[in-house]
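The values are calculated or read from the model by the stated rules, or taken from the named source; none is laboratory data. The structure displayed is predicted, hence computed values, not measured ones. Cβ sites come from the backbone with ideal geometry, for glycine too, and all protein chains shown count toward neighbours.
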Amino acid sequence: MKACVMNGIDVLRSSLNSSRTMIEWIVSDLSDADLLLRPVPPANHFAWQLGHLIAAERDIVLQQLPAATMPELPKGFGKQHNKEAATSDDPAAFCTREEYVTLLGKIREATLAELSKLKDSDLDRPTVGDLKQHFPTLGTIFGMLSSHIMMHLGQASVIRRKLDKPVLF
């Protein structure tokens, strides 16, 4: 039997796919109104968090890989999900669950396509911009894109409990 040998790109691809699967699963039975529920008053609702994750991933990939091909976001999407917009509870200011899941999928597929263009040795390249202090290499940036989703899923789990949704795992 041939042993399966994974390289760094394979591990990151697996992690990115796994975090996408998890977030899609967590929101699969939430309504658009459910996405606007805050786990506690000062916390961000999940509609804003989904938009933040989508916009941040696109921006981070383009900052680190300027030649990358990433999908355009709807007009005003970045502003709609910036820090100032996090306090808004206006349903008209946010997308539907389906729109978020579709956008997340498009951005994540583009991220995976860019990752697939790299060699393992590229993962050691230094990063640029503000993130380099915490994520000094391209490999750590791609790892962070997966863990960024997982960090926000903790809040989504609390929202699910608050809504009496079934425990998924």
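Can you name the residue in the stretch 133-169 that is of a type in the set (Val, Ile, Thr) and part of a helix (DSSP H, G or I) and, of all such residues, is nearest to GLU24 (Cα to Cα)?
ILE149
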Within the stretch 16-38, is there a residue that is closer than 15 Å to ILE149 by Cα and of a type in the set (D, E, K, R)? yes
Determine whether VAL61 is at pLDDT below 95 and among the aliphatic types (A, V, I, L, M). no
Any chance you could count how many residues in the stretch 110-132 are in contact (Cβ under 8 Å) with a residue 40 or more places away in the chain and part of a helix (DSSP H, G or I)? 10
Reported set for the stretch 136-149 where residues are out of contact with any Gly (no Cβ under 8 Å at 6 or more places or on another chain) and not hydroxyl-bearing (Ser, Thr, Tyr) is PRO136, LEU138, ILE141, PHE142, GLY143, MET144, LEU145, HIS148, ILE149
Which residue is surrounded by the most Cβ atoms within 10 Å (Cβ to Cβ), if the candidates are limited to the stretch 84-113 and must be under 16 Å from GLU72 (Cα atoms) and among the β-branched types (Val, Ile, Thr)? THR111
